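Worksheet for the structure shown next.
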Protein chains: 2
Amino acid sequence: MAFKLDHVAVAIRDLDLAVDSFEKKLGLTCERVEVVPTEKAKVAFFDLGGAHLELVASTDASSSIARSIEKRGEGLHHICLEVENIDSALALAKVAGLPLVNETPVPGAGGSRVAFIHPKGLHGVLIELVEKPRKT
Amino acid sequence: MAFKLDHVAVAIRDLDLAVDSFEKKLGLTCERVEVVPTEKAKVAFFDLGGAHLELVASTDASSSIARSIEKRGEGLHHICLEVENIDSALALAKVAGLPLVNETPVPGAGGSRVAFIHPKGLHGVLIELVEKPRKT
């Protein structure tokens, strides 16, 4: 199966503060900010030559991002791999014995379908799979 | 300044085991394995459509990877951004008040020059800057 690194995500307490910090201190430019209701999160994207940096802040104390920050603080949170067909990718991951957070895809940012593989399956790395909407 | 995401690095205990796991369970193909003496590390690279996944294992108990695994276990460790000129990038980072792990570049994998920015400067994200060798 072919994977393309779509983005690397960072768990952030205060999104505005972090966007400002990555813009002013590192010189990146924020492309867009989006609320993702299914994740109870607000996200900001920066282009890094094709792949993106995604800053993710919680919009609700019960979100997985809020729990992650409580446990481990801010920092690298997950990587997202783009696949052609997320249903096939999930089926293959299941056959390979990978523990799935989402057995079926859920709506992600920008009209995409996403699913997470649990970090205990791959050396502590939380992996998001994404299938982008077809351009019509 | 223009940045390109070069790779995302994962701290790993046993490199052979992890390479096998990412190949068999996720279906990735390992491109190359390299020892990086300056980092006291052995690394494996997987192509993810331009950007790479780098698995990093320690070759010495005093390495920063060994200390990171001792503290936080295996998992996402740093992101690496490619820059045209690492000396200019470091000078700008210094002016912006970012705390540098390396004040001057050190030799990295594949004949590159690299330097790290401390995670306390950017919301817990350890950032490596890399300048690749010019192709002649």
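The values are calculated or read from the model by the stated rules, or taken from the named source; none is laboratory data. Please read these numbers as outputs of a predicted model, since none were measured by experiment. FYI the Cβ positions are ideal-geometry reconstructions off the backbone, even for glycines, and counts take in every protein chain you see. Ligands, DNA and RNA are excluded from the accessible area calculation, which covers all protein heavy atoms including side chains. Shrake-Rupley method; radii C 1.70, N 1.55, O 1.52, S 1.80 Å.
General remarks:
- Every residue from segment B:14-48 that is among the small types (Gly, Ala, Ser) and either modelled with pLDDT under 95 or over 23 Å from A:ALA51 (Cβ atoms) (or both): B:GLY27, B:ALA41
- Whichever residue in segment B:1-13 is at pLDDT 95 or above and either part of a loop (DSSP other than H, G, I, E, B) or open to solvent by 70 Å² or more (accessible area, probe 1.4 Å) (or both) and, among such residues, is farthest from the other protein chains (Cβ to nearest Cβ): B:ARG13
- Hits in segment B:10-50 - residues which are of a type in the set (Val, Ile, Thr) and in contact (Cβ under 8 Å) with a residue 60 or more places away in the chain: B:VAL10, B:ILE12, B:VAL36, B:THR38, B:VAL43
- Restricting segment B:49-68 to residues that are under 16 Å from B:ALA11 (Cβ atoms) and within 12 Å of chain A (Cβ to nearest Cβ), the residue that is modelled with the lowest pLDDT: B:SER68
Quick grid of which residues meet (1) open to solvent by less than 10 Å² (accessible area, probe 1.4 Å); (2) charged (D, E, K, R); (3) at the interface with chain B (Cβ under 10 Å from one of its Cβ atoms):
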residue: A:GLY73; (1), (2), (3): no, no, yes
residue: A:HIS77; (1), (2), (3): no, no, yes
residue: A:SER88; (1), (2), (3): no, no, no
residue: A:ALA93; (1), (2), (3): yes, no, yes
residue: A:PHE116; (1), (2), (3): no, no, no
residue: A:PRO119; (1), (2), (3): no, no, yes
residue: A:GLY124; (1), (2), (3): no, no, yes
residue: A:GLU128; (1), (2), (3): no, yes, no
residue: A:LYS135; (1), (2), (3): no, yes, no
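- Just so you know, in segment B:15-24 the residues that are more than 16 Å from the chain's Cα centre (by Cα) and not small (Gly, Ala, Ser) include one that is farthest from B:ALA109 (Cα to Cα), and it is B:LYS24.
- Taking segment B:23-48 as the range and being of a type in the set (Val, Ile, Thr), surrounded by 22 or more Cβ atoms within 10 Å (Cβ to Cβ) and within 12 Å of chain A (Cβ to nearest Cβ) as the test, no residue passes.
- Residue check, B:ASP20 open to solvent by less than 70 Å² (accessible area, probe 1.4 Å) and in a loop (DSSP other than H, G, I, E, B): no
- Where B:GLY108 falls short, out of the listed (1) open to solvent by 50 Å² or more (accessible area, probe 1.4 Å); (2) at pLDDT below 95; (3) not basic (Lys, Arg): (1)
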